[in-house]
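Participant: Shown below is the structure under consideration.
The values are calculated or read from the model by the stated rules, or taken from the named source; none is laboratory data. Given the structure is predicted, the values throughout are model-derived calculations rather than measurements. Counting neighbours? That spans all protein chains shown, and the Cβs are built from the backbone with ideal geometry, glycine included. Note: accessible area is taken over every heavy atom of the protein model, side chains too, but ligands, DNA and RNA are not part of it. Shrake-Rupley method; radii C 1.70, N 1.55, O 1.52, S 1.80 Å.
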Amino acid sequence: MDINQLCTVLAACIGADATQRTAAEEVLKQHEAVQGQAVNMLRVAAEEQVDAAVRQVAAISFKNLVKKYWEPASPGQPCLREEDRAVVRENLLEALIRSPHMVQLQIGEVFKMVVYADFPEKWPNLLAALWPNLVSQDEGRLYGGLYALRMVARKYEFRDASERDPLREITSAALPVLLQLLQQLLLNTSGSNQVAMLIKLVCKIFWSCTYMEIPDVLLQDAQFVGWMQCLLAFATQPVPAYVDQIPAADRHSHPWWKAKKWGLHISYRLFHRYSVAKHAKEGNDKAFAERFVRDCRTPFLEAHMQLVAATARGAYLSPRCLNLVFQFLTQALEVKDTYAHGRTHWDGILHNIAFPILCFNEADAQLWEEDPHEYIRKGYDIMEDMYSPKTAVANFAHELCSKKKAHLDAFMAMIVQVLNTYQAKAQAGSATAADASRMDGAMMAVGVMVRLLKHKKPYKQQLGPMLSTCIVPCFASPAGHLRAKAAWLCGVFSDTEFADGKGQGATYSLLLQHVVACLADTELAVRVDAAVSIRYFVEEVEDVAILRPILPNLLSSIFQLMGEVDAEELLSTLEAIVEKFDEEIAPFALQMAQQLGAAFWKYVNTADEDDEDEMGAFAAYGCIKALNTLLASVSNLPDLYGPLEDTLFPIMQKMLTREGEELFDEVLEMLAYFTFYAPCISERLWGLWPLLHAALCEWGIDYWESLLVPLDNMISRDTQRFLTCKNPDYLASVYKMVEYSLKGDFRESEIVCAPKLLEIVLQACRGQVDACVGPYLQLVLAKLPSTESRSLKDMLVLVVANALYYNAPLAMAMLSQQGAVGQFFTAWFGLIFVSRKSGKPGHFRRMHDKKVCVLGLVSVLATPDEQLPPEIQAGMPQIMAGLLRLLTALKAQKEETDALAGEGDGEPAWPEDDDDGDDDDDNDDGDEAARDAYMARLAKMAATKAGDGGDDDNDDDDGDEEWTDDEEVEMPIDPVDPWVLFVDQLSALSAANPVRHQALLAGLDAGAVGALQAVSEFAEKQRMELAKQAAAAAAGQ
């Protein structure tokens, strides 16, 4: 397609005829990967003679083409030819510089992608072409050059030191040029927008160049002095007068205030990092910090105090700049010298400047009236909160009042005066909107000081009376924002130890009563704040009897609100209610699931429509989290799971695909509940297995641990379905998933759970999968020699141990066929006898692992001579030694675990799981124990995914996590006691094969004989304990 044809097609893409638009778009799509298309698209976008609208369409199409074909997402996808890429690189900078703003934005995205992909290796001449533009007298070229340099520098902003060499070269050359430019710009009196935009770009480049370390060039005297003087001057330099004539609602987005924001951002970062020299890293950072402390710390503090003082006289600071100034001042409070320098000013700043910012202002009032939904969104949006002046002021107030009690006393005296003044005026009917605004700020201040007030005398004794006399009356205020703030504040103090109790008593009940009443308020924001506040009351309540009568109305109000607003915090309240009421929530479970399901689909659809809607994604996550809490609360009511499955199955079906990757862990947890607690695993739940298989093998290798739980449930709870179904063939699927994992190029920490799935099959299907033993052993033996991590190595060995327990003669025959008997057993015993510095085993650290090894070796011990390979017959003494080593370590581990569990702290350092069958608890409710154990497993799964998921293979690490069991579920080997099994098999061997029995005993040294005696005695103790448990269980029936 030549240039003229391309222009015609692009023009058709924005034409009025929908049919022509569709046809033109299809033509573009067909030619995307054609040689020369990318070059021609760039030419059209950059050509000044082409219509502006066509240029913009060309730029957008060019961006999308480069995004798709410059660095394809996966191997095998089409890629731009290197000839085209070379032409694009050669002309891209010039196109960026010469393009108008709207086109420049699109080409800038392309420039960024190409820089990240190709600079400097494939684009070595870029900087040489870029530098002349930084000294150009043409403002357009200057701006374009700075714009490009910013993207080059940004590539290295967060890189490790070893990867920042290109940035160091850029910084050394660029900072002197940029300093000279910035000095000229600050002297420019035109006040034009272009000057502000150039200053902003210079600041952003400086930010990127100095983000991770102070460069050498900045330690040069002229550069240090020049840059610090410029930053200081720009901080206090007023914006051009005409900017103040712009309406306040629009002023913050003006180029001058955007430039100011970047200057103040740099000042705050420098002060935060370098205002205490001893905290700086050795090298350049330390040298810079020492000079910054000496020459800049105090002048920068005074400049920021000057800025806030000006606001008290009516000067404007944009919200983001105000936020940064108070962040700076908060940091200054933490530095001894700067705190002392401003000592005489701090209370004045807090009382006269900070407090008014906390108050309900005109912008708040306008938003409250005109767009309550947006008011609510901003109030609960974490990003809005992060950049809000009120948040920065609140942090400043808390930090200052934490420094010395005198600050707290002075501030609270002022706040009490505001509270009393408002109450007096409210009672007299003379309270104005301004009074309500200050009262709002006072309540906000009290909430900000919550941690101090609850622990400092005399305030902690006065909280109850203060809330009752000053805050409760606000629930009757005609000002809706005061009712909302009162509901919020009561929630903040709901965990207070009042004189009449914590989570109970008259004060707690009074506050709760008024907050609950707000659920029927006429103002939406009041209802939302009340619903959010109730969460904290629910979490603190001592006796749910207080809440039980209002539970139906409470849930109804929350459900109604969920239909009106998108506030993730409502889900947290719902989740708190479910957790607190547990089984009592059952009558409402189906309705809750339906409401949460509907909310989930709404949030997901919102996120789909707007890719940048992170809050919708967060809210969808909150829905799934609340649903899982609900499923946990009704886990002992299995009949509810059928109706709940009807509601939630569509969520699982859709979100177990790539589309649900961000929620994959949580949806797998949901599936785990259904496959474990439902009376049976339904046909449609089995229908999700192929989705799990596809997810693992296509994109979800790092979800192995979470995937394993529902797979385990399905295999263990419906073994016959698993074995007999051929469409799909679940047994074949297991092999393919494990094969894909063990043969693929993955980190070993990602695939530890793969061999675990083979263990589950061998245990759950004992005697029914003989044909799988050989292929399973072949898989693990092929992977074992190259495995480095301890955890994966252990799991691979355990597959063989499980195969031996499954059918020892068959397993040894398969090992013999593969010529691996001697090599494997030598490696296995090598691992068994590895010790850490503490003397504890270096491998097979969990009780479960030791038990599986024992079961496998005892099975070998029981195999007739004629079925033993020669290597095993000759190695019987080693097998006996290995068994005694494992059983002795297992005995010690069990005794220590039992002792710790019996100390009464309820938190054993080595939490037991049901895999070991060693629970001495007399609780005869086996189902309840299984449920509790399964809950523990799901909780651990969630906690593991929240961490880094890394594999800890420090051989000398004696941390408790290396010594614990983590499969808190029942397994087929649980009833088997390893010590009893060993002793019984030894006894049986004495009768059946006295020659081998005698040979085994004869080969024991004195230490081994003692170990055998101890193991035998412990086995008898275990046998008696098991008999007691069996008798108790029978009596219970």
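Participant: Report the residue count in the stretch 15-38 for those that are open to solvent by less than 30 Å² (accessible area, probe 1.4 Å) and more than 16 Å from V103 (Cα to Cα).
Facilitator: 5
Participant: Among the residues of the stretch 220-250 satisfying the criterion of being open to solvent by less than 30 Å² (accessible area, probe 1.4 Å) and farther than 18 Å from L181 by Cα, which is farthest from the chain's Cα centre (by Cα)? Can you show your working first?
Facilitator: Initially, the stretch 220-250 is screened for residues open to solvent by less than 30 Å² (accessible area, probe 1.4 Å), giving 223-224, 226-228, 230-231, 234-235, 239-240, 243.
With farther than 18 Å from L181 by Cα added as a condition, the list becomes 239-240, 243.
Values: V239: 41, P240: 44, V243: 41 Å.
Here the answer is P240.
Participant: Just to verify a result, which residue in the stretch 1-14, among those that are free of Cβ contacts under 8 Å to residues at least 24 places away in the same chain and either among the polar types (S, T, N, Q) or out of contact with any helix residue (DSSP H, G or I) (no Cβ under 6 Å at 6 or more places or on another chain) (or both), is most open to solvent (accessible area, probe 1.4 Å)?
Facilitator: Looking at the filtered set, the residue picked out is N4.
Participant: Determine which member of the set L92, L105, L134, L96 is under 26 Å from A222 (Cβ atoms) and not hydroxyl-bearing (S, T, Y).
Facilitator: Details: L92 fails: under 26 Å from A222 (Cβ atoms); L105 fails: under 26 Å from A222 (Cβ atoms); L96 fails: under 26 Å from A222 (Cβ atoms).
Criteria check complete, one pass: L134.
Participant: Now for a different question. Tell me yes or no: at least one residue of the stretch 743-765 is basic (K, R), free of Cβ contacts under 8 Å to residues at least 60 places away in the same chain, closer than 22 Å to V854 by Cβ and in contact with a helix residue (DSSP H, G or I) (Cβ under 7 Å, 6 or more places away or on another chain).
Facilitator: yes
Participant: Further, regarding this structure: Out of curiosity, is I558 assigned to a helix (DSSP H, G or I), open to solvent by less than 40 Å² (accessible area, probe 1.4 Å) and not assigned by the TED database to the domain that holds A619?
Facilitator: Spelling it out, I558 is indeed assigned to a helix (DSSP H, G or I), open to solvent by less than 40 Å² (accessible area, probe 1.4 Å) and not assigned by the TED database to the domain that holds A619.
Participant: Being more than 16 Å from D984 (Cα to Cα) and assigned to a helix (DSSP H, G or I) is the filter here, so list the residues in the stretch 999-1010 that pass it.
Facilitator: A999, A1002, A1006, G1007, A1008, V1009, G1010
Participant: Looking at (1) at pLDDT 95 or above; (2) open to solvent by 50 Å² or more (accessible area, probe 1.4 Å), which is the one condition that is false for D665?
Facilitator: (2)
Participant: Which count do you get for residues in the stretch 134-169 that are in contact with a helix residue (DSSP H, G or I) (Cβ under 6 Å, 6 or more places away or on another chain), in a helix (DSSP H, G or I) and either within 14 Å of C209 (Cβ to Cβ) or of a type in the set (G, A, S) (or both)?
Facilitator: Number satisfying all stated conditions: 12.
Participant: Exactly one of (1) open to solvent by 20 Å² or more (accessible area, probe 1.4 Å); (2) in a helix (DSSP H, G or I); (3) farther than 18 Å from Y703 by Cα is unmet by E659. Its number?
Facilitator: Failing condition for E659: (3).
Participant: Quick one: which helices (runs of 4 or more DSSP H) sit completely within the stretch 713-832 and have at least 1 residues that are within 23 Å of A695 (Cβ to Cβ) and at pLDDT 95 or above?
Facilitator: Once the helices (runs of 4 or more DSSP H) in the stretch 713-832 are filtered for at least 1 residues that are within 23 Å of A695 (Cβ to Cβ) and at pLDDT 95 or above, what remains is 719-724, 730-743, 753-764, 770-783, 790-806.
Participant: Scan the stretch 968-992 residue by residue and report those that are among the β-branched types (V, I, T), assigned to a loop (DSSP other than H, G, I, E, B) and either open to solvent by 20 Å² or more (accessible area, probe 1.4 Å) or in contact with a strand residue (DSSP E or B) (Cβ under 8 Å, 6 or more places away or on another chain) (or both).
Facilitator: Residues of the stretch 968-992 that are among the β-branched types (V, I, T), as a first pass: 969, 973, 976, 980, 983.
Adding the requirement that they be assigned to a loop (DSSP other than H, G, I, E, B) leaves 969, 973, 976.
Residue satisfying the conditions is V976 alone.
Participant: I'm trying to understand the selection: among the residues of the stretch 632-656, which are under 27 Å from the mean Cα position of the chain (by Cα), modelled with pLDDT of 95 or more and open to solvent by less than 40 Å² (accessible area, probe 1.4 Å)?
Facilitator: Within the stretch 632-656, L648, F649, I651, M652, M655, L656 meet the criteria.
Participant: Would you mind finding the one in A499, A525, A484, A476 that is of a type in the set (G, A, S), surrounded by fewer than 20 Cβ atoms within 10 Å (Cβ to Cβ) and at pLDDT 95 or above?
Facilitator: One residue alone meets the criteria, A476.
Participant: So, in the stretch 778-820, of the ones that are of a type in the set (A, V, I, L, M) and over 28 Å from Q985 (Cβ atoms), which residue ends up most open to solvent (accessible area, probe 1.4 Å)?
Facilitator: Residue satisfying both the conditions and the ranking: A782.
Participant: Does V152 satisfy being β-branched (V, I, T) and more than 16 Å from M41 (Cα to Cα)?
Facilitator: yes
Participant: Being surrounded by 16 or more Cβ atoms within 10 Å (Cβ to Cβ) and under 29 Å from the mean Cα position of the chain (by Cα) is true for just one of A598, A589. Which residue is that?
Facilitator: A589
Participant: Can you find a residue that is free of Cβ contacts under 8 Å to residues at least 40 places away in the same chain, among the hydroxyl-bearing types (S, T, Y) and open to solvent by 10 Å² or more (accessible area, probe 1.4 Å) anywhere in the stretch 137-160?
Facilitator: No: zero hits.
Participant: Based on what the data block shows, is G687 surrounded by 14 or more Cβ atoms within 10 Å (Cβ to Cβ) and among the small types (G, A, S)?
Facilitator: Answer is no for this residue.
Participant: Might you let me know whether the stretch 577-584 holds any residue that is surrounded by fewer than 20 Cβ atoms within 10 Å (Cβ to Cβ) and closer than 24 Å to F475 by Cα? Write out each step before concluding.
Facilitator: Filtering the stretch 577-584 for residues surrounded by fewer than 20 Cβ atoms within 10 Å (Cβ to Cβ) gives 579-584.
Those still in the list that are closer than 24 Å to F475 by Cα too: none.
No, every residue in the stretch 577-584 fails to be surrounded by fewer than 20 Cβ atoms within 10 Å (Cβ to Cβ) and closer than 24 Å to F475 by Cα.
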